Amino acid sequence: MKIHEYQAKAILAPYGVPVPRGEVVYTAAEAEAAARKLGGSVVVKAQIHAGGRGKGGGVKIARSAPEATEIAEKMLGMRLVTHQTGPEGRIVQRLLIEETLPIERELYLGIVLDRSQGKPVCMASSAGGVEIEEVAARTPELILKETIHPGFGLMPYQARKLAFGMGIPESAASGAAAAILALAKAYQATDASLAEINPFVLTTDGKAYALDAKINFDDNALYRHKDLLELRDLNEEDPLEVEASRFGLSYIKLDGTVGCMVNGAGLAMATMDIIKYAGGSPANFLDVGGGANADQIRNALRILLSDRNVRAVLINIFGGILRCDTLATGVVAAARELNIRVPMVIRMEGTNVELGRRILVESGLDFTVADGMRDAAEKVVKLAGAAQ
């Protein structure tokens, strides 16, 4: 789950991460009032779930409260397009009005799970204000890493090592190290999957601040954090993904033409790969889970087919807990109820597979039953191409 910058800063501050003074606003009048309260000179920042806001025109400096009002009037309601939003962009519905700071240096801090080690890793770089992927590609030697032991957390000596490694002067190193430790505590306490401060800045008076903040949470741990669930902004999520979550379905919209319905995340990834190998492009990732019932199958197909880009559907099921006959019965019922008009290719293996295939054949509906994943992928890609 993603949250806005202002929400991330509100979470980090109680742990001791220094953040600038600021207020979230929803109208131009509120922006003017916040600017006056903060001293007139402020930064107006669009709040959307995407990076690159500055390059897209979503971050502006106002030298006075009236100028903040003028900027807010233009920014609220605008469609902000960045390299992370895609061409469709995001509608700006709220702004963060924040005090300006006398910035001397821009640095980078981030914590993410290193799956190869099975442990979180704290990354720091003297090249702040730039996408970390860009730094890794051009100057990887500027990225410093410290592995966080799950039982001990980030140790003070590691934080100091990162601070000095970024070239922070001794007079400011203690404050910077304290901020790094605070970020690590917040990451662990909230079950975050990503905690990033870019830029992490040093001011001319030697103080450290989180000028920006991004936190993503592990969905599997949100049952432990009911308060964090309240921070979810459905307006920032794809409507189909929101709809799928209501039925316990794992759905991610993509930009291809072949709709996929699979049980199991690993099989779903393999299905998307083989569609690409066959020359097609998947329209989505959709995992109905091992214990899906007929109702979930119907809702999964309805959501999948709500994507107008879908030209053909591949259903790839390995029957275990979800028996093949249960799947076939659900697919037949859904096809009749939803009046499905796009070609459907079905590949099934596992429990009651012969019964499942017989149900499909005897339904009288125009299903294409495939033998194996390669055959299924080739057939669905051909049908999707013919339907365009």
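Computed over protein heavy atoms with a 1.4 Å probe, the accessible surface of the stretch 146-200 works out to 43 Å² per residue.
Given C-alpha coordinates of the stretch 42-199, what is the ratio Rg to Rh with the Kirkwood estimate of Rh? Can you show the working numbers first?
On the way: Rg = 17.6 Å, Rh = 17.4 Å.
When Rh is taken as the Kirkwood radius, the ratio is 1.01.
Counting only protein heavy atoms and a 1.4 Å probe, tell me what percentage of the stretch 260-367's accessible area is made up of carbon and sulfur.
On the way: 2300 of 4660 Å².
The value for the stretch 260-367 is 49 percent carbon and sulfur by accessible area.
With r defined as the distance between the Cβ atoms of residue 100 and residue 130 and R0 fixed at 25 Å, what FRET efficiency is calculated, to the nearest 0.05? The pair residue 100/residue 130 has a calculated efficiency of 0.75. The C-alpha atoms of the stretch 261-367 occupy a region whose extents along the principal axes are 31, 28, 22 Å, arranged from largest to smallest.
Over all directions, what mean area does the Cα convex hull of the stretch 296-352 project, stated in square nanometres?
Values: hull surface 14.5 nm².
With every direction weighted equally, the projected area is 3.6 nm².
Shape descriptor for the chain: Rg over Rh equals 1.06 (Cα atoms; Rh from the Kirkwood inverse mean 1/r). Residue order by solvent-accessible surface for 108, 26 is 26, 108, largest first, with ligands and nucleic acids left out and a 1.4 Å probe. The three principal axes of the C-alpha atoms in the stretch 68-157 carry coordinate ranges of 48, 34, 30 Å, sorted with the longest axis first. Per residue, the solvent-accessible area of the stretch 36-142 (1.4 Å probe, heavy atoms of protein chains only, all protein chains present) comes to 49 Å².
Please state the Cα pair-distance histogram of the stretch 151-294 with 5 angstrom bins from zero: what percent is in each bin? Histogram of Cα-Cα distances, whole percents per bin: 2, 8, 13, 14, 13, 11, 10, 10, 9, 7, 3, 1, 0. Remark on residue 283: its backbone amide H falls under 5 Å from those of 256, 257, 258, 259, 260, a criterion applied only to residues 5 or more positions apart or on other chains, H modelled at 1.01 Å from N.
For the stretch 256-388, the solvent-accessible area with a 1.4 angstrom probe is 44 square angstrom per residue.
Considering only Cα-Cα distances, which of the following residue pairs are longer than 29 Å: 2/74; 2/382; 2/119; 145/253? Beyond 29 Å: 2/382; 145/253.
The values are calculated or read from the model by the stated rules, or taken from the named source; none is laboratory data. Bear in mind that the values here come from a model prediction, so they are computed numbers and not experimental data. In this analysis, Cβ positions are derived from the backbone assuming ideal geometry, glycine residues included, and neighbour counts consider all displayed protein chains. Only protein heavy atoms, including side chains, enter the accessible area calculation; ligands, DNA and RNA are left aside. Shrake-Rupley method; radii C 1.70, N 1.55, O 1.52, S 1.80 Å.
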